[in-house]
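Undergrad: Quick one: the structure is below, and I'll ask about it shortly.
The values are calculated or read from the model by the stated rules, or taken from the named source; none is laboratory data. Note that the structure is a prediction, hence the values are computed from the model and not measured. Cβ placement follows ideal geometry from the backbone for every residue including glycine, while neighbour counts extend to all protein chains displayed.
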Amino acid sequence: MKQGAGFVSRVLPQSCCRQTASTRIYLLLSLVLLSHWMLAVDAISGRLPDVALRGVAPADLALYEADPLFCRDHSRKIAVSQLNDDFCDCPDGSDEPGTSACPDGRFYCRNKGYHPISIFSSRVNDGICDCCDGSDEWATPGACPNTCLQAGAAYRTQLSAEAAAYSEGHKVRTKYVAKAQGLRQQWESQLEKAKADKLKQEAKEKELKARKEAVEAAEKAQREWREQQEKAAKAAEPAAPEQPPALAPEGAPAPPVVPQEGGPEEGQSEGGEEAEAALEGTETEGGGAEEGEEAAPEVPPLGEEDAAAHAGQLSAEELGRRVASRWTHNEEAVGDVQLEAEQKLDQEGEDWAAEAREEAEQYGEVGGEELVEEGGETGGETGGETETAEVPATETGSLLASVTGFFRRVLPESVARLVVPGPPPHVQDSEVESVRAEWNVAQSKLTEFSSKVTDLETKLGRDYGPDDVFVALADECFEVPVKQYKYKVCMFGDATQEENGQSVRLGGWAGWLDNYSAFHFTNGQHCWNGPMRSLKVRLRCGPKNELSNINEPSRCEYTADLATPALCTDEATKAVKEELASAERIAKELKDEL
Amino acid sequence: MGGGEKVLMSPALIGFALCLLLSCQCAFAVKSEEFRKCHEASFCRRNRAKEPGASTFALGGKLQQAAGGGLSGTVINKDFPGVELPLEISAYGDGIVRVKVTEVPEKKRFEVPDVLDEGLDSKKSPIVSARSSKDTWLTLGGNKLRILHDPFRIDAFVDGRPILSINGRGLFNFEHYREKPANISEEESGTWEEIFKSHTDSKPKGPASVAFDAAFINAEQLYGIPERATRLPLKPTKGLEGAESEPYRLFNLDVFEYVHESPFGLYGAVPMMMAHGAQGTAGLFFLNAAEMFIDVLAKAEHMIPGLEDKSRIDTHWIAESGIFDVFLLLGPTPKNVVQQYTTVTGKPVMPQLFSIAYHQCRWNYKDEADVNAVDAGFDEHDIPYDVLWLDIEHTDHKKYFTWDHSLFPHPKEMQNRIAAKGRKMVTIVDPHIKRDSGYYIHEEATAKGYYVKNKDGNDFEGWCWPGSSSYLDMLSPEVRDWWAEQYLLDKYKESTLTLYSWNDMNEPSVFNGPELTMPRDNLHYDGVEHRDLHNLNGLLFHKASVEGLLKRGKNNDRPFVLSRAFFAGTQRIGAIWTGDNTAEWTHLQVSVPMLLSLGVAGISFAGADVGGFFGNPEPDLLTRWYQVGAYYPFFRGHAHLDTKRREPWLFGEPYTTLIRDAIRTRYALLPYVYTVFYEAHKTGLPVMRPLWLEYPDEASTWALDESFLLGSDILVHPVVTKDAFQVSAFFPGKEPWYEVRTGAAHTGAAGKAITLPVTGLESFPAFQRGGSIIARKDRPRRSTTQMANDPYTLYIALNSTGAAEGLLYVDDGRSFDYEKEAYVLRRFTFQNGRLECSDAAPTGESAKGFALPNKIEKIVVMGLPKIAEKSSTFRAVLGDTDGKIQLESAVEPPVMGSGGDATALVIKRPWLSVAEDWSVQIVSS
């Protein structure tokens, strides 16, 4: 977990203990003073016994030199004999810097040869070596051998590798910054041009539109005339049925449209959220099952509350799987997929299990709104039948999966019938056709120019961080394979998780975090019983752009690390170098001493 | 919102909206459908419909002295001449009577094994009987039992008072096994075959129910028969004004998202009930592991001859099969009843010290990096914890005893890394075995014929986490032995001695079975039907796993296995938890009565998932849950796979600090909690107690189940509501209770509760009893291991006479050496200003092979008279009044920095040894 976070909290060599980030800052600051304070401690040990000063940080020496002595918070006066006497006298723990007597105190270890750290006093004499110099286990001498030399060496090796990486990254970053300026100018001129193109195209489109409308008007008049003729002829014949039964696009139940590949439209996904919200409500409140059944008698009741009731209609395995999915919200996750495949009844059934989750999810996102809305709109005309389409909205997740599976298995014919558009208007006049085609081309070109303008404006309006450095990465995507998945993070775009060509959106760009040390993507595809997917990417300096450490600490909330030269700033690079220099100086001094 | 307004409301949507409005009832309704109700079970329907009146059952002849002590005879059913049911009556001391009615051995009625304490038989005592023409009187010390001959009836008397009557209403029923009639259509439906939902129960043995009525004379409250998410006092289920309720049901099930205030049985069952009233307490334990329904009547119906003038609470117990095997527990106090009950079913385990500390669990810590990060998180935030848990995802495709090596490539190193900090790990081992030809457990179990069989005698296949699964037949001692061996280090690959276990889903949960469990006509060892032992199933599996850890530890490492399913006697085996609760305030609330009810039924070592398993707790709820959980006997945070991360430090301040404080409070109290566990182990008394258990004479405590006691000395009035600014607090007894942080004293207000302010999230009312002395270890550490040598602080809370007393039990915290006297039991007494530390171990039974080096760093005395007055001075001297060695002391708040008033005398740096005898005299002037 430490790898992720930049300069201050790099991983320490394994030989040493873990420390909090704040400890690290503290120790880095004091590092510079290291050689001086060692002398200082020796010098003052005259007045106070060594034991009294055990665990005291050099910065705090003045506090303990004072006469009379007070707790750090000045809450009470203490005697010298009360220092480190293994009894807590100060509420702030300051009288026991070297023992475990106070609950929230700190113990400072010198770690000569490595670097000093400050540990919780709960670690003092607890039988675990926390300081590489072993000073925290003073009650059992010899229990913790001094490993600071090794720790220091490892630390220096690590620091020099780091310093090299920083130098390299820093060079790249300089290029990024330079590139940023050029790119910005380029975008600006592109914008100028796009704006001009757009203006021109607008005029052209307008003109073509006028022409198209003129010819269409002429065509319409011609058609109306022809229709009147036909009507007159028909009036002579006996009455025909009002509506042919085979075609009922307006009155028929709203079809659960099979979602198309690709991202859902804005409005649709909003509707999806609504449907999801309703589902969640059902689940926590546990309602609606009976109503759902009543209202939709035609739908085989596959809801979880009926799992047992209708087990006869399911294979035992299917039933088990569905019940399990209450806990997992994922029918695939339960049981061995391989095994399942072997046992599966028929091709349809096999597909169903594998598809259920995705399908249902897509319905949740895409289909939900259509189901509810269209059902609602047409409800007045078709009564009971319409509610078939509403069932998913009132049932729990696994039911939704079942129902959508059901639709796929049972309804494809009618669905196909309903979604097939009517025959295109039969155009006879070649002039109408060509004008219309010309206008279509002009229109789509105009759209193209407009979006180019919008894109460039967006691009130029973005926050690219300090020194505009991320301009250089504006169009970059980073990928990393993890097991069967490929994770892809596009700067200022989308983050996705791909598996066998199927892409799941983890979220769209949602901006910077933590002072440009991270960015995140939100509102990705919804998770069953979980949140919308999201991804947080933590940044650190590295010689090249490299995505790593994809993780999902909570369900559908992803994290990742991105090493990037963009983070190798002057200051950070300088600090690493200084730290290395200082570590080397300490090592040299120690060597000289010996 | 994309066009939501346009939607016309269909009936379905309106129904849904209504449901949201009436969420509670709706949830209830939906859940209730899944479970078989009394009227859907022919055995219950038949018995519940019986009208009270004359019983057809009578004593068959004279009661004879039986060979092993006790009496024997027969019970006959006048409707079926020729059927003679053997009767046995045994007594175990004065307070326990067992009445057993079964069938002749050839009929092979199932008798529940592995529940009664091994030593029970040896406690059998002789019974003196006196017979008249209509009844036989048995004398048991001061208590008496009257057996009426016709109809068969049993009345129990304590000190001449009737307290319990069996078959007073004539509902006793014992359906003997009989031949299947040629034409079953003439029989009531459901007797020879029964269908629930789509599942058909073949019922080859036909109807075999066992039922009886029990009247608790002069009782005013009933408790017990866990597990269900309800209040502690049992509400009536029959004879209510208005709607009839379902009877209580005991049938272990994996209940998905259970709701609070639901009478349905959950994961475990203890058919033990306690009745309490002003005149005393009595208990009843029905040793029967079949599905059981129990009615509690709102008012007595039908006069019981000879007891007409007595008020009483009637109950009706109906089991599907098995035998009539009832233990009457005669009290007369609630503590006596619990002790009697645990004499019958065994005393609770003595847990390892680490297992009563804090446990961190989640479904799932995903991989080794995750485990390391969580472990490091506790250290970085200086929050102690002892055990890190791995749920099902750590296995290779849910094959227990295996590892998913893509996530856990180095399990041993991981365990050792955690163990290096003195901590432990737990992995889950569930009872469903994946039917996978490459899985050694499955291979071996199949080859050896160890699986439970279906009605046709083939290995039963059900569906659970791994997919198609079979279930080991733990009724067979051979299978249990074999299972136990699977825990050995050479069998359980890459396990270590610091790895402990967790048995989930052992009801058993079968996703495609009736009510999510095993078909009743499945067959176990020796042809026993699953229906006969269902409620015992979890205990058998739990026991086999515990035997495994015993074997692994060469019988000298106390096993720790957490189980979800349980039965009477589980307290002898290990810990349980209350299953899959939800991150809601109502579930935090109900966790207290649930655990109290378990404790009353002998099962002490229990806890609820802190934070709630399903859903995401808001930080306030999580914090409050930790504050309550710190006083649960078993203290574990757990969360569902779909929930957000909720490790204690993830919510920022003030939450991290408050949760840290809560966990540290538990750790500081561990010496006391361990001592209470020792008391439970010795006496059977629960660790977490309802107030009436300690104060049975105070009627105001009888219905209290929000507050509780930890042992007898800590009273908790938990805050279990959002944004609470006050709690209603009842202080039992006449002695003061001292708020543990501030030392502020409260005394009971004549049977009335008082209102205590709750000033913020940090305010959590817990009190120490006036008259008690509690030893704490106030230094925070990483885990219990590092606390071993830390000094104690004594908190002395004086009663109104200025006296106090307390015990401290210490042993090595892990082995069974304490059974060989390797422990220390110290008594602290305070009287007339004098504190004494002395040996409390029974003579000749102390500290062999166990040295306790710890010192006392501080002694805090609360409740000294006139301590707050400026003019008074106090000093403490070692030894007698004329002792020369003066100890440093000051009048201060009892807890430094707590903001309390300076009302305690704090003796500093006495550095007295706990293991030695000494005294300290406080001199005031």
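Undergrad: For the range B:684-782, give me every one of the strands (runs of 3 or more DSSP E) that falls completely inside it and has 1 or more residues that are among the basic types (Lys, Arg).
TA: Where strands (runs of 3 or more DSSP E) fall fully within the range B:684-782 and carry at least 1 residues being among the basic types (Lys, Arg), they are B:766-769, B:772-776.
Undergrad: Let me ask another. Just checking, which of B:674, B:738 is outside the structural domain of residue B:592 (by TED's automatic domain parsing), at negative phi, touching a Gly at 6+ places or on another chain (Cβ under 8 Å) and modelled with pLDDT of 95 or more?
TA: Every option except B:738 fails the conditions.
Undergrad: Hey, among the residues in the range A:121-130 that are surrounded by fewer than 24 Cβ atoms within 10 Å (Cβ to Cβ) and among the hydrophobic types (A, V, I, L, M, F, W, C), which one's nearest to the other protein chains (Cβ to nearest Cβ)?
TA: In this case the residue turns out to be A:128.
Undergrad: May I pose another question? Would you mind telling me which numbered condition in (1) more than 14 Å from chain A (Cβ to nearest Cβ); (2) surrounded by fewer than 24 Cβ atoms within 10 Å (Cβ to Cβ) residue B:517 fails?
TA: Looking at each condition in turn, residue B:517 falls short on (1).
Undergrad: Just a yes or no: is a residue in the range A:465-472 closer than 23 Å to residue B:406 by Cβ, at pLDDT 95 or above and not basic (Lys, Arg)?
TA: No: the range A:465-472 contains no residue that is closer than 23 Å to residue B:406 by Cβ, at pLDDT 95 or above and not basic (Lys, Arg).
Undergrad: Residue B:821 - would you say it is more than 17 Å from residue B:682 (Cα to Cα) and of a type in the set (D, E, K, R)?
TA: no
Undergrad: Continuing with the same structure: Kindly indicate which of B:177, B:258, B:223 is in contact with a Leu (Cβ under 9 Å, 6 or more places away or on another chain), among the hydroxyl-bearing types (Ser, Thr, Tyr) and part of a loop (DSSP other than H, G, I, E, B).
TA: Result: B:258 is the single residue among B:177, B:258, B:223 that is in contact with a Leu (Cβ under 9 Å, 6 or more places away or on another chain), among the hydroxyl-bearing types (Ser, Thr, Tyr) and part of a loop (DSSP other than H, G, I, E, B).
Undergrad: Of the residues that make up the range B:751-758, is at least one more than 29 Å from residue B:915 (Cα to Cα), of a type in the set (Lys, Arg) and more than 14 Å from every other protein chain (Cβ to nearest Cβ)?
TA: Yes, the range B:751-758 contains a residue that is more than 29 Å from residue B:915 (Cα to Cα), of a type in the set (Lys, Arg) and more than 14 Å from every other protein chain (Cβ to nearest Cβ).
Undergrad: Is it true that residue B:159 is in contact with a Pro (Cβ under 9 Å, 6 or more places away or on another chain) and within 26 Å of residue B:302 (Cα to Cα)?
TA: yes
Undergrad: Moving on. Quick one: which strands (runs of 3 or more DSSP E) lie wholly within the range B:270-347 and hold at least 3 residues that are more than 19 Å from residue B:47 (Cβ to Cβ)?
TA: The qualifying strands (runs of 3 or more DSSP E) are B:272-277, B:280-286, B:324-329.
Undergrad: While we're here: Please work out which one of (1) under 30 Å from residue B:130 (Cα atoms); (2) at pLDDT below 90 is the condition residue B:6 fails and give its number.
TA: Here residue B:6 meets the rest and fails (1).
Undergrad: Looking at the structure I just gave you, is residue B:366 under 17 Å from residue B:602 (Cβ atoms) and in a loop (DSSP other than H, G, I, E, B)?
TA: Judged against the criteria, residue B:366 is not a match.
Undergrad: Taking the residues in the range B:379-398 that are over 29 Å from the mean Cα position of the chain (by Cα) and not in a loop (DSSP other than H, G, I, E, B) as candidates, determine which candidate is farthest from the other protein chains (Cβ to nearest Cβ).
TA: Among residues in the range B:379-398 that are over 29 Å from the mean Cα position of the chain (by Cα) and not in a loop (DSSP other than H, G, I, E, B), the one farthest from the other protein chains (Cβ to nearest Cβ) is B:396.
Undergrad: Let me ask something additional. Looking at (1) more than 14 Å from chain B (Cβ to nearest Cβ); (2) more than 17 Å from residue A:165 (Cβ to Cβ), find the lone condition where residue A:558 falls short.
TA: Among (1) more than 14 Å from chain B (Cβ to nearest Cβ); (2) more than 17 Å from residue A:165 (Cβ to Cβ), residue A:558 violates only (1).
Undergrad: Within the bounds of the range B:481-501, is there any residue that is crowded, with 24+ Cβ neighbours inside 10 Å, part of a helix (DSSP H, G or I) and either of a type in the set (D, E, K, R) or more than 14 Å from chain A (Cβ to nearest Cβ) (or both)?
TA: Scanning the range B:481-501, I find at least one residue that is crowded, with 24+ Cβ neighbours inside 10 Å, part of a helix (DSSP H, G or I) and either of a type in the set (D, E, K, R) or more than 14 Å from chain A (Cβ to nearest Cβ) (or both), so the answer is yes.
Undergrad: Sticking with this one: Could you please find all residues in the range A:517-537 being closer than 22 Å to residue A:569 by Cα and either within 14 Å of chain B (Cβ to nearest Cβ) or buried (at least 23 other Cβ atoms within 10 Å of the Cβ) (or both)?
TA: A:519, A:536, A:537
Undergrad: Let me ask you something else. Out of all the residues in the range B:325-380, which are touching a His at 6+ places or on another chain (Cβ under 7 Å) and among the aromatic types (Phe, Trp, Tyr)?
TA: B:363
Undergrad: Residues to consider are B:304, B:318; find the one that is under 30 Å from residue B:150 (Cβ atoms) and either crowded, with 24+ Cβ neighbours inside 10 Å or of a type in the set (Ser, Thr, Tyr) (or both).
TA: None of the other options fit; the residue is B:318.
Undergrad: So which residues in the range B:576-610 are in contact with a Lys or Arg (Cβ under 8 Å, 6 or more places away or on another chain) and part of a loop (DSSP other than H, G, I, E, B)?
TA: B:579
Undergrad: For the structure I just gave you, tell me whether residue B:213 is within 14 Å of another protein chain (Cβ to nearest Cβ) and in contact with a strand residue (DSSP E or B) (Cβ under 6 Å, 6 or more places away or on another chain).
TA: no
Undergrad: What number of residues in the range B:437-469 are more than 13 Å from chain A (Cβ to nearest Cβ) and either in contact (Cβ under 8 Å) with a residue 12 or more places away in the chain or in a helix (DSSP H, G or I) (or both)?
TA: Of the residues in that region, 15 qualify.
Undergrad: Turning to a different aspect of this structure: How many residues does the range A:316-330 contain that are more than 8 Å from chain B (Cβ to nearest Cβ) and modelled with pLDDT under 80?
TA: Matching residues across the range A:316-330 total 1.
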